[in-house]
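Structure first, then comments.
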Amino acid sequence: MREYAFCTRTDSMHTMDFDVVIAGSGIAGLYAALNLDGKLKCALLNKQGPNESNSVYAQGGIASVISESDSFEKHFEDTLKAGAGLCDREAVSVLVQEGPQNIKKLMEMGVPFDRDHNNNLVVSTEGAHSVCRILHCGGDATGLHMTETLFENVKERKNIEIFHNTAVCDILTDDSGRIAGVVVMASDGEYIFMRAPYVIIASGGIGRIYRNSTNAGSATGDGIAAAMRAGAKVKNMEFVQFHPTALIHPDMNMRYFLISEALRGEGAVLRNRKGEAFLKDVHPMADLAPRDVVSRAIINEMKKHDLPNVYLDITHRPRSFLRERFPIIYQECMRRGIDIAVNWIPVVPVQHYFMGGIETDTFGRTNVYGLYACGESACTGVHGANRLASNSLLECLVFGRRIAEDINGSFKASRGNPVAQCAPKKRDETFDYETCRSQIRDNMTKKGGIIRNAAELGQAIELAQGYKERLSALHLITRAEIETYNMVTVALEILKAALARRES
């Protein structure tokens, strides 16, 4: 019998019919929607409103071959090196070769990429890139500008209906195993059955299953967990990226503010308390080494000298440059009493990105017919063990568009009867969901984080397995309860995969 998070008959729910349902309205979901045939009726969902997604918080930029000094071969090789050679070569080839045409389309849609006084696109570099190929908007507000522009384009499309504060609970299949739609929970707690032959999961990452993360509050792996319950395969779940440089203290929503890698691309240097630039002794690329190398080096430096953090020094750059190139970072640091033109920035590594996810081919197709995935919730294989900086937004575009074109070319308006039978479940008012979430986050941070060992992974698996068995038998009612179930489901899969891959 199928596993579900919800425990209500679909024939008692309010039912709506669509051709395509897209879970997530970050850049991947928005761009996929914009590339769908205008004749297809599309539902576009967001969990916490259009301004809360990992895409919105993306600072650094978007990588693409746009200059004569660059080439597809260079971008391909840089991606493979950053991914520790574990990337899918076909997917990487698709990514780098189709990147420029999607950048061109973004410009046609009105995305305001930064330009110099001669109206030429401004490009910069980041860690593990061999040449300058990073485009950005508003200095360090690339994701925000891209998301806002794409959202404005979506609002003009009559075939797209936007559902705010609506969370996916489960993905339904018919008796032949193909997609029949989704069950979602609206902001008022009401279940809605959205019938559709095609579903795209673009719900983002898993960062909030960790205590310390740069991710949006919505990033609890809901789409990945729902896809797993529907029978979708997942891949590379052990590959979790930790960004080396986040401000040491989180904001009121417990989100850590990212200090973009672009600062190191502009010459910033990591230093310990003595002022020593310690990365030069760790890797040939020093402060521009791949993120996993830098994160481990910082952790080792902190342990070696019993430090709560290290420092990022960009004081050699003039204030006028910093204010113009990094306006968001400059203002946020000043708000916290850190003048980056004078002061070193106190930073620590925190969870940032998820390379694993729902396994797809190069058209975003999963093993479940009619189910697609793109963006951070998908595992196309392009990132391998460690994502190359600024490849994530490019992946959203390339594969979001490929999914839309695949649906456009193969659309079949099948509406089978959904198989939505679940075993009776009991309500348990004594179960402490908050304690469950806290313990999972602590375990993931301490035992499934940057430094891992078999003994601690085993302990974390035992805890997560116990919680999952308990939650799967409970009648979940609120969104927070279902979210907790999703967090435990994804955490367990990450821990098991980490234990299986001893190199991690």
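The values are calculated or read from the model by the stated rules, or taken from the named source; none is laboratory data. In this text the structure is predicted, and so the values were computed from the model without any measurement. In this analysis, Cβ positions are derived from the backbone assuming ideal geometry, glycine residues included, and neighbour counts consider all displayed protein chains. Side chains included, ligands, DNA and RNA excluded: accessible areas come from the protein's heavy atoms. Shrake-Rupley method; radii C 1.70, N 1.55, O 1.52, S 1.80 Å.
Observations, loosely collected:
- Elements of the type strands (runs of 3 or more DSSP E) sitting completely within segment 299-410 and holding at least 1 residues that are touching a Cys at 6+ places or on another chain (Cβ under 6 Å) and on the phi < 0 side of the Ramachandran plot: these cover 357-359.
- Residue within segment 363-385 that is within 27 Å of ALA84 (Cβ to Cβ), modelled with pLDDT under 95 and open to solvent by 10 Å² or more (accessible area, probe 1.4 Å) present: yes
- Test: SER295 is small (Gly, Ala, Ser), assigned to a helix (DSSP H, G or I) and modelled with pLDDT under 95: yes
- Filtered residue count, segment 230-265, keeping only those that are outside any loop (DSSP other than H, G, I, E, B) and more than 27 Å from GLY384 (Cβ to Cβ): 1
- Within segment 297-316, tally of residues that are open to solvent by 70 Å² or more (accessible area, probe 1.4 Å) and either closer than 25 Å to ALA141 by Cα or among the aliphatic types (A, V, I, L, M) (or both): 1
- Set side by side, the residues ALA23, ALA33, ALA5, ALA91 differ, and just one is surrounded by 21 or more Cβ atoms within 10 Å (Cβ to Cβ), touching a Phe, Trp or Tyr at 6+ places or on another chain (Cβ under 7 Å) and of a type outside the set (Ser, Thr, Tyr), which is ALA5.
- Residue that is closer than 18 Å to ASN46 by Cα, β-branched (Val, Ile, Thr) and touching a strand residue (DSSP E or B) at 6+ places or on another chain (Cβ under 6 Å), where the choices are ILE206, ILE259: ILE206
- Subset tally (residues that are touching a residue at least 60 places away in the same chain (Cβ under 8 Å), assigned to a loop (DSSP other than H, G, I, E, B) and either of a type in the set (D, E, K, R) or surrounded by fewer than 24 Cβ atoms within 10 Å (Cβ to Cβ) (or both)) for segment 186-209: 3
- Screening the candidates ILE477, ILE482, ILE494, ILE450 for the property of being touching a strand residue (DSSP E or B) at 6+ places or on another chain (Cβ under 8 Å) and not in a helix (DSSP H, G or I) yields one hit, ILE450.
- Pairs are defined by a Cβ separation below 7 Å, a sequence spacing of at least 6 or placement on different chains, a first member in segment 429-442 that is among the basic types (Lys, Arg), and a second member that is open to solvent by 70 Å² or more (accessible area, probe 1.4 Å); the pairs so defined are ARG441/ARG211.
- Given (1) more than 30 Å from MET228 (Cα to Cα); (2) open to solvent by 20 Å² or more (accessible area, probe 1.4 Å); (3) in contact (Cβ under 8 Å) with a residue 60 or more places away in the chain, number of the condition LEU263 does not satisfy: (2)
- Restricting the search to helices (runs of 4 or more DSSP H) fully inside segment 53-122 and requiring at least 1 residues that are over 24 Å from the mean Cα position of the chain (by Cα) gives 72-82, 89-109.
- Some residue of segment 266-281 being assigned to a helix (DSSP H, G or I) and surrounded by fewer than 17 Cβ atoms within 10 Å (Cβ to Cβ): yes
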